[in-house]
Every structure is written in structure tokens, then in C-alpha cells.
Amino acid sequence: MALVVVYVLIYAFFRESLPEKWSVDSAKIIEILNYGGAGGDLDNSFAVTAALFGLIGVDNLDIFTCLVSALFLFFATHDIRRAGDFFSRLLLIAPCIMLNMFAPSKETVVLIMTMFITVSAIYFRTSKKFTFVSFLFLYVVYGIFVRQYYLLIVGVFFGVYWLWRRPLKYHLLAAAIAAGAILAAPSSVLQTLQSPRDTSNAYAEQIGSDNRTAFTNVASPATGPGFLVNYVYAGTVLITPVLYFQTASDFFMQLMIGAMLIILYRARKKARRGHDRFEVRFFASLFIAHILVQLIFEPDLGSFTRHLTSVLLYLIAIKVAERKPFLP
């Protein structure tokens, strides 16, 4: 609760003094709201998000964003019992506050989605079916109208969920099948999936944005081998950023990513030992699906962090479920 109070005070009195780069996406959305249009060179997700926020009203957006974020923080910090748990959650929450909670953005919508899926399961103890249907409905609708790659996340989720407790040979087989599918895929499909990384960074350079952690594809995404090379390269940059960037913030990001991976590793380790619970399997598979899809096209460490922290409640749900199951 103390963290929620601190956040609200900063939001109310010191938000204007925060770095502008924390609210770049928000500025684009507000511009569309105020002046109309579809965002120029931007993808349609900005225009659709602006239309959603238009239902709330420009004058009400600040209060709406603060309320959504405060509620998210309340659930993210609820039921902390040990110092270790507090610091591990703080590693996840701090970047989310900085990147997602001081201005209305596309991630504001994602925060609402993840809250609905997790909070209804943890605190209202709905049912496994309700949780699954809620996830499927929200992701499909969001994927159709806002971000199409959320449909890909749904597909990857089913694969990860099926592989969750299976031996290594099944994972290797799945990786081989995925690689084969990429090699056989039409170049237009591969280009559509992976070119946003280069397009986004080209646009950022065009408007004079100085993004220190931005990186481009090292091979042509229009070919299967090039797509795979870019995917592996992106994995090394985004999962192990300290290999490429050595500032204090990069080391902090590495700690955050490490904390995420440890939670997922421990969850799977317990599942392999026979302590397999639907809640852990479901939320871990969903979070892993987000990671695997983001590696395809994310253009920089900040965007990757912004996206993953917007769904951090899935990791909180895993930690809660490890103590006691909450879905009948």
C-alpha cells in the first residue's frame, strides 16, 4: 500500500518533471486525440487506442491512468510475506511504473486486461474455464482490433502449455518444427513479422529520437535463415542486455529479466517434480508466450521491458499459486 501512495503522490505533483522518453507513446496518442488522423507513419494500434481513450475523454485521461495504475500496483504488491519476495517484486514493478504508469498508453489497456484475467482468478476464485475463456476473448479481440501479434501470442501459448511438463526431447522437436515452418514460410510473411524492428528504429531516427538500446536486424528478415539469425540475435540482446550495454540501468534491467526467468524456472522445476497446478502452468505459459513473440520484432530494450512489465501480474499469480491453489 505504501508504494501505491508514493506512486499517486509522484503522479499528482512531480509527473511533469519526469523524463519525456517515458511518455513518448502517450504523446503520439494524445496528438491523435487532439488533432485527429491515424498517426501518420505510425501503426494503426495508436489510432485504435486513441479511439478507446476518446470514449473516456481527454480531460479524464490523467485521473483514469492514475486509478488504473494504482489498482494494478495494489494487486502487484498484495500479500508480500518475506523480504526476498518484496525485493523480487520491486525489481519487476519499478520499470513498469516508470514506463507504463505516468501517462496513458497502449500498455494502459494491457494493464486492465491482465488485471481482469489475474484478479478474477486470484481474488474472486472464478474457475479454470472462466480464466481461460477470459484470456482467449480479451487477447483475440485485442489482437484483431489493436495489436495483431496478440493473436500470435495466443497460438504460441497453446504450444508452450502443451510442452510445459514434457521432457527436453519434445522441446527440441517443437523448436525444429518451428524452425522448419519459418524456413518454409513465404518471404512476405517473414518480412511482415520481423521488419517492424527496422521500421520502428528508422522512424525513431527520422524524428530525432536518441534510443541508446535500439538495434536492427543483422540479416534480411525476408528469408528463413535470416529470420532465424535475427531472432537468435534479438534474444541475446533482449535477454542478456549487459553483453551489449553497460550502464547502471542496463544492469538493473538484467536483474529484472533474471528475476522473471528465475520465477519461471522454479515454477517448471516444481511441475516436473509432480507439483503441477493449472494456475502456475497457465500463467507461466502465457508469460513465456509473450517473451517468445516479442523476440521477433521488438526494436529496443525499453520497448521489450515496457511490454513484459505490463503483464507482470502473471508472475505474481505464479508466486501466489505456489503457496496455495486459487482456482476450483
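Just so it is clear, none of the values below were taken in a lab; they were calculated from the coordinates. Since the model is a prediction, treat every value here as computed from it, not as a measurement. We place every Cβ from the backbone using ideal geometry, glycine too, and count neighbours over all the protein chains shown.
Couple of notes before you dig in:
- From the coordinates shown, volume of the Cα convex hull per residue in Å³ corresponds to which of [x] 157; [y] 142; [z] 262: [y]
- Cβ-Cβ FRET estimate between residue 239 and residue 179, R0 fixed at 22 Å, reported to 0.05: 0.75
- Put simply, when 231-238, 108-115 are sorted by average Cβ atoms within 10 angstrom per residue, most first, you get 108-115, 231-238.
- Membrane-span-like helices in the chain (whole DSSP H runs, Cα extent of at least 18 Å along the helix axis, mean Kyte-Doolittle hydropathy of at least 1.6): 44-56, 61-76, 106-122, 149-163, 168-184, 278-297.
- Inter-centroid distance (Cα atoms) of region 102-132 relative to region 43-78, Å: 14 Å
- FRET efficiency, residue 145 to residue 81 (Cβ-Cβ, R0 51 Å, nearest 0.05): 0.80
- Computed [θ] at 222 nm, helices only, for the chain once each DSSP H run of length n ≥ 4 contributes -39500 (n - 2.57): -24000 deg cm²/dmol
- FRET efficiency for residue 169 and residue 269, using Cβ-Cβ distance with R0 set to 22 Å, rounded to 0.05: 0.75
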